[in-house]
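Structure record follows, encoded as C-alpha cells.
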Amino acid sequence: MKSTQLSSLLLFLLSLAQAISLNKRDNGLEPRVMSVEIQRRTISDPISNDRRRLRRRDGTVDIDIDNEQSLYFLNASLGTPAQDFRLHLDTGSSDLWVNAEGSKLCSTHANICSESGLYSPNKSSTYEYLNSDFNISYADGSGASGDYATETFRMGSVKLEDLQFGIGYVTSDNEGVLGIGYKSNEAQVGQLNRDAYDNLPAKLASKGLIASNAYSLYLNDLESATGTILFGGVDQEQYIGDLVTLSINKINGGFSEFSITLQSVSADSETVVDNLDLAVILDSGSTLSYLPASLTSDIYDIVGAQYEEGQSVAYVPCDIGNDSGNFTFKFKDSAEISVSLSEMVLDFTDVTGNQLSFDNGQAACTFGIAPTTGDFSILGDTFLRSAYVVFDLDNNEISLAQSNFNATKSHILEIGTGKNAVPTATGSGSSDNKENAGASLSPLGGDAAISMVAGAFALGMTAYIELAASWLFKNAKGRDAKAFFTTPAFAEHPEPTLAVTSPDCGPDGATLGKDYMHGDQHKFPELSWDSHSGVREWLLVSEDPDAPLPTPICHGIYLGIPSEKTRVVGSDFEPVEKTSNRLAGGFYYGANRIGSIYGAPRPLLNHGIHRYWYEVIGLNEPLDDKFKTSKPNRDQVAEAIKGRVVVWGRWMGQCERRWE
C-alpha cells in the first residue's frame, strides 16, 4: 500500500444490472442492466463522518483526524435542464438529498460545495415542491434539513421522472448523498412517522427497469480506483466461489438496516472469537468497521494496534500493510469472507496534512477496525472491499462471496423475481495468486518502537512471537513518572494520604487472581477507602505503569462518584443503559484504552509482574455534568481536575502471564 496512492483522488465505478437469481432473459434478450461510473474520491475527515452516522444509531463521539482516504461517489443529475451532482453512495441510508444553491454552509464557505454540486429549483422546469419536512438529523445536531420535492433524475443512460429527493437548505455536509437502503429507513418515516416513498432502487424496480429491488456491490481493493454497483444483477467475474445467501435480521420488529449475523472472527488459523451471534450492519457509508470493545481489544492484541484515547481509532506501523495475513469473518450457512491485512491499514494524515508517526518517527497508519460504544456493530468499507455483496431488498436477504479483485472480464446475469432469487451460481473469478484469497500471517520484520508495543507483532501473533516481543521489551517497564497522579493537578498533593484497600483481593500489592484478569470473569476488584470532609466528589482511575509504552495504559476511568460513597464493587460497573455511560453505581465511565467500561489486566506474556494501580482521588468541587457524560479520556480528565484535588490514595494489585 502506497500512501501517495491512498491520498490521491479515489474512484468507484457503478454499474447497474438486474436481479439476484443469475438468469438470462427469455428469447435471448440481454439482461436489464444500468452501468454508471462512480468515483472514489477524497473527502475531509470521513472518520468523523463515520461517527456522525453512528451517532444516529447509538450516540458515539467525534474524532479529530483529517482522513485523506475516501468514500464512494457516483455522478448523476437532477432537473431540466440537467444540474450535475457528485453523490455519496450509501447503503446505510435511504434518501437522495443534495445541497441547495444558497444554503448556509455552501454560501458561507467559498467553493466548499462546488465539486459536489448545488441544486436550484428555479432553474428546472420539472421541479415539483412536496413539503418542507425534509430533515435528516444526528445526535450532535449535524445533518440536513429543507424541502422534499420530485424531479427528473438521470444516471448514466437511465432517466427517472418524479423521483422524490431532499433539498438541503441547512446542512453540515458539503456532499450530497444517494441512500439506497430500505424505504423504512427514509428520514420522513423515522422523523415524521409517515408512509415511505419509492427511493431510487425501489423506483427502478417499480418502473420495470430492473426485475426486482436488488443490487450487487463490488468495491474492489484498496488500491483500485474503480468498482461496480449493479442494480438488478450480478457479475460472475467479480467474485470467487459461490454466493451464499443469508437472512437479514429484523430490528425492532421490522427490516430497516442490512443486518446479518456474524458467528466468528479468526486471524489466519487462530480463532479470535467464536459463537458470537453478533448482529452486524453492512454499511458502505462507513470508512471503518466498528465491533464491540471486547472483540476489538482482542484483535488489537493480535495485530499489535495502539488505541488512541479521545480519537476512538487505533494505529499500527504502516509497514504491516506489506505483510501477508488475513482476518476471516464467518457468518451463518457457511458464508465467510477473508480480509487481508493490507486492506485494514489506512494511511491517514493529521489535521495539518502531515503523515502520522510514532515517537520514534516510524510512520503510523490507522487500523481498519474500531470499537463501537452502542448497540450497533458495523462492517464498513474495510470489510466490504473484500466481499461481493448482493442486497435483495424484496426478499430481505444478503448474499456473500469472496471478491475477485481487479476483475478484467464481465459476465452479467439478471436477478429474477420471487423467492430464492439469489442464485448459487459459481463465480468465474479464480483465487490463484489473489492477494485477497487468504495468506498465512508472518511477524513484522525489524525492531519496533517502544511507543508502539504492537509494532513488534504480526497480525497472527503466536505465543512464540509474544515471547520474543517480551524479551525485546524486557526493560520497557516502570512508567511511574508518567502516572496519572504525576499530572499538574496533583502539584499540591504529590503523595497519597488516603487509605485504599481491597476487601476481596487482599492487602496492597496482592496478586490478582485469574477471575480479575482479561479472558476470564473480568471482575473489577472491590475497593474501599476512608471518607473525607473536604470531598464533594470522587474520581477513580485504573492504570498499568508497566506496559511497554511511553505512558501507563488506562484500564478504566470513573467520574462523578458521590462524596458519600466510599466503596465500589463489581456490580457498580454494570451499564444502566446501552446508550449512556452512566453506571449502576451512580457514576460515569470515561474513555479507557479501548473505549470499554473496564479493560481487565492482560500483561505481555513473560514480561514479568505488572502492577495495576487503582487510584481514588477526592475533589473539592464536582465536575460538570455535561463533561462527565461526554466520556472524556485520561488527558481531558487530568486537565479538568486542576485545582480540585484535595486528597488521593491508591491500591495496587499485581499479576503476570507466564509461558506454561
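Do the alpha carbons of any pairs in Lys514/Lys626; Lys123/Lys409; Lys482/Lys628; Lys565/Lys631 sit beyond 32 Å of each other, and which pairs?
Too far apart for the 32 Å limit: Lys514/Lys626; Lys123/Lys409.
Please go through the stretch 76-150 and write out the GluC sites (Glu not before Pro) that DSSP classes as loop and that have at most 14 other C-beta atoms within 10 Å.
Passing sites in the stretch 76-150 are Glu115.
Annotation: extensible slack from Ser247 through Glu639 equals 136.2 nm (criterion: 0.36 nm per residue apart, minus Cα-Cα distance). Where Lys and Arg each count +1 and Asp and Glu each count -1, what net charge lies around Ser410 among other residues with Cβ under 12 Å from its Cβ? Counting the neighbours of Ser410, the net charge comes to -1.
Applying a DSSP loop filter and a limit of 14 other Cβ atoms within 10 Å to the chymotrypsin sites (Phe, Trp or Tyr not before Pro) in the stretch 556-660 leaves Trp659.
How about the stretch 565-641: which trypsin sites (Lys or Arg not before Pro) there are in a DSSP loop, with at most 13 other Cβ atoms within 10 Å of their Cβ?
Those that pass, being in a loop and sparsely packed, are Lys578.
Here, each number is a calculation from the coordinates, and none is a lab measurement. On a predicted model such as this, the values are computed, not experimentally measured, just so you know. So basically every Cβ, Gly included, is an ideal-geometry build from the backbone, and we count neighbours across all protein chains shown.
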